[in-house]
Structures are given as structure tokens and as C-alpha cells.
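Below is one structure, written out as C-alpha cells; the observations come after it.
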Amino acid sequence: MPLETAHIWRWFLDLNAPRGATFSVNPITWADTAAYFGLKRIRPDPWEVDLLRSLDDAYLAIQNGETDGAVASAKALRGQMKTESHT
């Protein structure tokens, strides 16, 4: 993970920890994300939120056994991280 995007991984870990689950893993909600950023007084850039959502998509695909979806999500995520670390 590029150093420039490591903070987004920390955000994901914070938001992932209390995640609710039923028969499958639930996505991190927009409300949870907004509350987290509000409590931490963080004003993320749109690309940071997009990257956070992509991390969640990849996590959900892996947890739900969607190997094709997980691979596609991981490739997209890698591309996003490379692009943002060079801007």
C-alpha cells in the first residue's frame, strides 16, 4: 500500500471493527462513514471516500466468497491507489 493512502486503510480498519452482520457481512453504511468522519473531525477528499468504498467492496466480495468479484475489486483498488499516490 502506498504510504500516501495508508490513512485510508486505518479508516477502513476503524469502520470495519464494529461492522454488523447477519447471514452475510453488511457493507459499511454511509451513515456510519459520515458519523465516523464527523466524530474524528476529518474532511476527506472525494477520492479518499471512493477508495474507502472500494476497500469495503473488496472486503465484502472476499467475505461472501465471490472470488471473481474479489479479484476484480482488488485490481480496481490497486489502480486507484497507484493513481492517487502519484497525484
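The values are calculated or read from the model by the stated rules, or taken from the named source; none is laboratory data. Small disclaimer: the values here were computed from a predicted structure and weren't measured. Neighbour counts are summed over all protein chains in view; Cβ atoms, including those assigned to glycine, are modelled from backbone coordinates with ideal geometry.
Annotations for the structure displayed:
- Taken over region 26-41, the criterion of being touching a residue at least 24 places away in the same chain (Cβ under 8 Å) and not in a helix (DSSP H, G or I) is satisfied by PRO27, ILE28.
- Single condition PHE37 does not satisfy, out of (1) out of contact with any helix residue (DSSP H, G or I) (no Cβ under 8 Å at 6 or more places or on another chain); (2) within 23 Å of GLU66 (Cα to Cα); (3) surrounded by 14 or more Cβ atoms within 10 Å (Cβ to Cβ): (2)
- Selection from region 40-58 of residues that are over 12 Å from the mean Cα position of the chain (by Cα) and surrounded by 14 or more Cβ atoms within 10 Å (Cβ to Cβ): PRO44
- Pick from region 13-34, criterion modelled with pLDDT under 95 and hydroxyl-bearing (Ser, Thr, Tyr), ranking: surrounded by the most Cβ atoms within 10 Å (Cβ to Cβ): THR29
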